[in-house]
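Trainee: Structure in structure tokens, see below.
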Amino acid sequence: QVQLVESGGGLVQAGGSLRLSCAASGNIFSIVAMGWYRQAPGKQRELVATITRGGTTTDANSVKGRFTISRDNAKNTVWLQMTSLKPEDTAVYFCNANRIRDFDAWGQGTQVTVYS
């Protein structure tokens with residue numbers, strides 16, 4: 001099994017920055033790719049960014065140029081560097097892990113609130 005724990009969320013003024021982290025434990029060798037999703041009240045969960053084990057990344061158009069996803073050398077922690085934050089970025093951010101021959105793993109989420 002894989003366990004994911006997010007951290008780094010908080011309250012930040014518009015235009016500011018935050019860095020989220022997602023620590024994976026358990027059978028990390030089963031992970032093919034990891035990503036970040038977010039969900040605001042009354043809205044569906046949406047994909048923010050993904051990164052494969054090989055380092056290939058994708059970004060949602062809404063965050064392109066502002067958010068950067070990365071992975072450490074041990075490949076057990078994924079980061080989401082968020083800059084130029086906007087109030088519309090306010091959401092609960094969830095870490096996700098795609099696993100081979102298994103369902104996705106999800107973290108509990110970390111709250112990001114951006115105020116004007």
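The values are calculated or read from the model by the stated rules, or taken from the named source; none is laboratory data. These numbers were taken from a predicted model, which means no experiment stands behind them. Reconstructed Cβ throughout: ideal geometry from the backbone, glycine too, with neighbour counts over all protein chains shown. In case anyone asks, the SASA skips ligands and DNA or RNA and just uses the protein heavy atoms, side chains included. Shrake-Rupley method; radii C 1.70, N 1.55, O 1.52, S 1.80 Å.
Trainee: Region 1-27 to region 46-116: how many Å between their Cα centroids?
Mentor: 8
Trainee: Tally up the carbon and sulfur contribution to the accessible surface of the chain as a whole percent, 1.4 Å probe, everything protein left in place. Kindly include the intermediate steps, with their values, before the conclusion.
Mentor: Values: 3140 of 6250 Å².
Summing carbon and sulfur atoms, their accessible area is 50 percent of the total for the chain.
Trainee: Okay, next question. Would you work out the relative contact order for region 1-57, in percent, from Cα pairs under 8 angstrom that are 6 or more residues apart?
Mentor: RCO, region 1-57: 26 percent.
Trainee: A further question on this structure: Would you check the accessible area of W79, probe 1.4 Å, heavy atoms only, in square angstrom rounded to 10?
Mentor: Roughly 70 Å² of W79 is accessible to a 1.4 Å probe.
Trainee: Ok, one more. Residues with beta-carbon under 11 Å from that of M34, excluding M34: net charge, scoring Lys, Arg +1 and Asp, Glu -1?
Mentor: Summing Lys and Arg as +1 and Asp and Glu as -1 gives +3.
Trainee: Skip the ligands, DNA and RNA, and give the accessible area per residue of the chain with a 1.4 Å probe, whole Å².
Mentor: 54
Trainee: Please compute the length gained on full extension between S84 and A23, using 0.36 nm multiplied by the number of residues separating them and subtracting their Cα-Cα distance. Don't jump to the answer; show the numbers that get you there.
Mentor: Numbers: separation 61, 0.36 × 61 = 21.96 nm, distance 2.43 nm.
Answer, rounded to one decimal: 19.5 nm.
Trainee: Please report the equivalent ellipsoid semi-axes of the chain, computed as sqrt(5 x eigenvalue) of the Cα gyration tensor, largest first, in whole Å.
Mentor: In descending order, the three semi-axes are 24, 14, 12 Å.
Trainee: On full extension of the chain, what length is gained from T58 through K75, given 0.36 nm per residue of separation minus the C-alpha to C-alpha distance? Could you put the intermediate results ahead of the total?
Mentor: Working: separation 17, 0.36 × 17 = 6.12 nm, distance 1.71 nm.
Between T58 and K75, full extension yields an extra 4.4 nm.
Trainee: Could you identify which residue out of K64, K86, K43 has the top mean-square fluctuation in a GNM of the chain using Cα springs shorter than 10 Å?
Mentor: K43
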